[in-house]
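Participant: I have a structure I would like to understand better, so I am pasting it below and will then ask my questions one at a time.
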């Protein structure tokens, strides 16, 4: 219980990333065709237009890996008083968010890019906290 109090901010931020990426990854898995269809339209006027399924698969794998690392990180922080996997999860989360931001900017979806930036701020703050 003491570890939970010592890492309260970090655990809360990890939970934010877990919810974000686990939900997004599961949505991609369970509604693959709907996501692909929407994203093909979203990227139809970009150089990504012929790569949408491959890119979605890459993002899906990275999102699920980030969520798993964050879950293991929460466990490791609470049980072992160690934050190694939490840091890996936070860093991978930032990388995934940068990929998503790049995609939104390429698609000229500036509102979508702004939304990604809102998630990026706490993710980078988490990396900072875990590096202390």
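Participant: Residues of the stretch 95-119 being in contact with a helix residue (DSSP H, G or I) (Cβ under 6 Å, 6 or more places away or on another chain) and surrounded by fewer than 17 Cβ atoms within 10 Å (Cβ to Cβ), which ones? Spell out the reasoning first.
Facilitator: Residues of the stretch 95-119 that are in contact with a helix residue (DSSP H, G or I) (Cβ under 6 Å, 6 or more places away or on another chain), as a first pass: 96-97, 100-101, 104-105, 107, 112-113, 116, 119.
Passing the criteria: 105, 112.
Participant: Could we say that residue 54 is at pLDDT below 95 and out of contact with any helix residue (DSSP H, G or I) (no Cβ under 9 Å at 6 or more places or on another chain) here? Full working, then the answer.
Facilitator: Working: at pLDDT below 95: no; out of contact with any helix residue (DSSP H, G or I) (no Cβ under 9 Å at 6 or more places or on another chain): yes.
It is false that residue 54 is at pLDDT below 95 and out of contact with any helix residue (DSSP H, G or I) (no Cβ under 9 Å at 6 or more places or on another chain).
Participant: Which of the residues belonging to the stretch 1-54 are surrounded by 15 or more Cβ atoms within 10 Å (Cβ to Cβ) and under 15 Å from the mean Cα position of the chain (by Cα)?
Facilitator: Matches in the stretch 1-54: 13, 14, 16, 17, 18, 20, 21, 22, 24, 25, 28.
The values are calculated or read from the model by the stated rules, or taken from the named source; none is laboratory data. What you are looking at is a predicted structure, and each value in this text was computed from that prediction instead of being measured. Backbone-built Cβ (ideal geometry, glycine too); neighbour counts: all protein chains shown.
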